[in-house]
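Visitor: Structure incoming, see below.
The values are calculated or read from the model by the stated rules, or taken from the named source; none is laboratory data. Just so it is clear, the structure is predicted and the values come from calculations on it, not from any experiment. Please note: Cβ atoms are built from the backbone with ideal geometry, for glycine as well, and neighbour counts cover all protein chains shown.
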Amino acid sequence: MTLLNKGCNKHTFDPSPTPIDNDQIQSPVIFLDHMKTVVIGLLGTVMDKRGKGVKRWNSWRPTIGIFMQDDLLVDRVELLHDDRDERLANNVGADIESLSPDTEVGLHRIKFKDPWDFEHVYSTLLDFVERYPFKPEEERYLIHITTGTHVAQICWFLLCEANYIPGALLQTSPGRGDKSVAGNYHIIDLDLSKYDAISSRFKRQQLEGTEFLKSGIATRNSRFNSMIQQIERVAIRSPAPILITGPTGAGKSQLARKIYELKNMRGLVQGEFVAVNCATLRGDSAMSALFGHSRGAFTGAQSARKGLLTKAHQGLLFLDEIGELGLDEQAMLLHAIEEKTFYPVGSDNPVLSDFQLIAGTNRDLQKQVQEGSFREDLLARINLWSYQLPGLKDRREDIEPNLEFELQKAEQQLSHKVSFNKTARERFLAFANQPDSLWSGNFRDLNAAVQRMATLSDGGRINETTVKEECERLQRFWHHTQAAGSLPALEEVLSGEQIEDIDLFDQYQLRQVIAICRDSRTMSDAGRQLFNRSRLKKSSSNDSHRLRQYLTKFGLSFEDLQD
Ligand SMILES: Nc1ncnc2c1ncn2[C@@H]1O[C@H](COP(=O)(O)OP(=O)(O)O)[C@@H](O)[C@H]1O
Ligand SMILES: [Mg+2]
């Protein structure tokens, strides 16, 4: 494909058309369906400009030529022009109207500070197309690439290739003989699958503070938002340890990394981000992985090793699943945090490391302290600032903005636009918000769902069938994980005597109900989940009341079941 004429730096329009592979060209084309045809293009400041005199009709003008084609009927044209060229745009618009009275002419002022600056032109055109109300089901779009600089031509190509514009390219060229004024045209339909190798560029947004911590996702859950605001303040103002708790996939690891990046951007840490999952540190090697060892410290220690704490000097150490750390390692860690020094395995010489600490866990550390598997003094040291990240089912209002975010991520991975059709989107969101949609893997589930739908959809347009299949898949998955997860034992809430009185049938049911109550913040949340079907059929009006009655039968209350 030789459409992009690299290295061309002429400042005027080059009338010799750039060569195009013949198999890309489909011209002339007569459209027989009922779709409207819309041409979008830049005003040509050189070739479209031939004065106001009658002589202008004797020369080929690329934009005007489009409306002289017998087999190309254009319902609307959108002509983009710089502020400076307002008069020319009006004149060209008037000429189009005189040639083709049925064509609607839209003139759009844009600011082209430097039409030869790639980034500027790309983002200006991207801004325009992002705001443009494309209706690909009703209208066919042809992007006129002959006018404007070669930079603009390349940008149009990239935008079409990445499916930001659901259209084809339109190239016009001067003609000979009786075609000399009208010229010729070619429609180039980029078959996306052929160009996967050309990855498109995405502008990287510079985000500030809380926006940065939230990856620019406009979240709506007020508790989550105020928590992030506080984390931002703490991250900027304090080097003290931070503890992040929350279920798997709630974003603990990601938040830790973002905090590091924010601190780093503000010059608050100079060293590295060192992350380790403590569940992977087992046995003897755990000490040496964290604190290093001296040469000959144990059999096999042929050379000294530095350890993760040293690596994190002047940086940030993220200890994920800190509850998995052994008691000896906990003691050493506490010493290292308090004194900023520690002893590598087999060494009498203290090593200095000044690092900031973020700990993550899915476990209840308080409970671990009671059970003796976590040091109370270490917990006191690390939970000065402790934040519990809610799971997705506790911030369902954020599913929609996160869905947008996931779609953008999928676009970057697949290098083309990904979107839902209207009904498909509504269906997916309705499903996502249902009380029995558990989102047990939280963002991991949402991420995987969007990935699958984006990949399975043709041309990046997700339809209802794809959504339906994905919802069924998620339901099955959650059902399995729930079934596989062990249910609480009745002994945890009832005495042996009480249990003996309950039929086995009821015992199973009660255990499941307890599990759901424990997992819900309020009784109505639990009720909604348990009576989801009758609720839909409107055969039950008060889920909380029904749940309370059920629990009372066994001498239990919702509050009893909350930890
Ligand atoms: N706030 C968030 N919004 C959207 N996606 C997120 C968010 N936090 C994390 N993710 C994504 O969800 C997945 C799981 O996040 P992670 O931080 O590894 O969770 P955890 O450590 O709590 O198990 C990752 O793919 C991550 O990119
Ligand atoms: Mg994690």
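Visitor: Quick check on my filter: what residues within the stretch 227-272 are part of a strand (DSSP E or B) and either more than 16 Å from ligand 1 (Cβ to nearest atom) or more than 24 Å from the chain's Cα centre (by Cα) (or both)?
Guide: I242, L243 - these are the residues of the stretch 227-272 that are part of a strand (DSSP E or B) and either more than 16 Å from ligand 1 (Cβ to nearest atom) or more than 24 Å from the chain's Cα centre (by Cα) (or both).
Visitor: N542 versus (1) surrounded by fewer than 12 Cβ atoms within 10 Å (Cβ to Cβ); (2) within 30 Å of E426 (Cβ to Cβ): which is the lone unmet condition?
Guide: Going through the list (1) surrounded by fewer than 12 Cβ atoms within 10 Å (Cβ to Cβ); (2) within 30 Å of E426 (Cβ to Cβ), N542 breaks only (1).
Visitor: Would you check if there is a residue in the stretch 415-427 being within 16 Å of ligand 2 (Cβ to nearest atom) and in a helix (DSSP H, G or I)?
Guide: No, that holds for no residue.
Visitor: Does D71 qualify as being at pLDDT below 95 and either over 26 Å from K417 (Cβ atoms) or outside any helix (DSSP H, G or I) (or both)?
Guide: So D71 fits the description; yes.
Visitor: Restricting attention to the stretch 293-312, and to residues there that are at pLDDT below 95 and within 23 Å of Y260 (Cα to Cα), which single residue is nearest to ligand 2 (Cβ to nearest atom)?
Guide: G307
Visitor: Please go through the stretch 273-292 and pick out each residue that is at pLDDT 90 or above and assigned to a helix (DSSP H, G or I). Before you say what the answer is, go through the steps one by one.
Guide: Step one: of the stretch 273-292, the residues at pLDDT 90 or above are 273-278, 286-292.
If the condition is that a residue be at pLDDT 90 or above and assigned to a helix (DSSP H, G or I), then C278, A286, M287, S288, A289, L290, F291 are the ones that fit.
Visitor: Okay, moving on. Consider the stretch 438-460. How many of its residues are under 19 Å from N421 (Cβ atoms) and either touching a Ser or Thr at 6+ places or on another chain (Cβ under 6 Å) or touching a residue at least 60 places away in the same chain (Cβ under 8 Å) (or both)?
Guide: Number of matching residues: 5.
Visitor: Okay, moving on. Just the residues that are crowded, with 21+ Cβ neighbours inside 10 Å and of a type in the set (A, V, I, L, M, F, W, C), please, taken from the stretch 425-442.
Guide: F428, A432, L438, W439
Visitor: Any residue at all in the stretch 489-501 that's closer than 23 Å to P401 by Cα and either within 16 Å of ligand 2 (Cβ to nearest atom) or part of a helix (DSSP H, G or I) (or both)?
Guide: From the stretch 489-501, those closer than 23 Å to P401 by Cα are none; that's our starting set.
Within the stretch 489-501, none of the residues are closer than 23 Å to P401 by Cα and either within 16 Å of ligand 2 (Cβ to nearest atom) or part of a helix (DSSP H, G or I) (or both).
Visitor: Exactly one condition in (1) of a type in the set (F, W, Y); (2) under 21 Å from L73 (Cβ atoms); (3) surrounded by fewer than 19 Cβ atoms within 10 Å (Cβ to Cβ) is false for Y141; which is it?
Guide: (3)
Visitor: Before we move on, is L308 within 21 Å of L352 (Cα to Cα), assigned by TED's automatic domain parsing to the domain that holds Q230 and within 16 Å of ligand 1 (Cβ to nearest atom)?
Guide: The answer is no for L308.
Visitor: Among the residues of the stretch 326-337, count how many are at pLDDT 95 or above and either outside any helix (DSSP H, G or I) or farther than 23 Å from D364 by Cα (or both).
Guide: Here the count works out to 1.
Visitor: How many residues, within the stretch 342-396, are of a type outside the set (S, T, N, Q), in a strand (DSSP E or B) and surrounded by fewer than 16 Cβ atoms within 10 Å (Cβ to Cβ)?
Guide: 1
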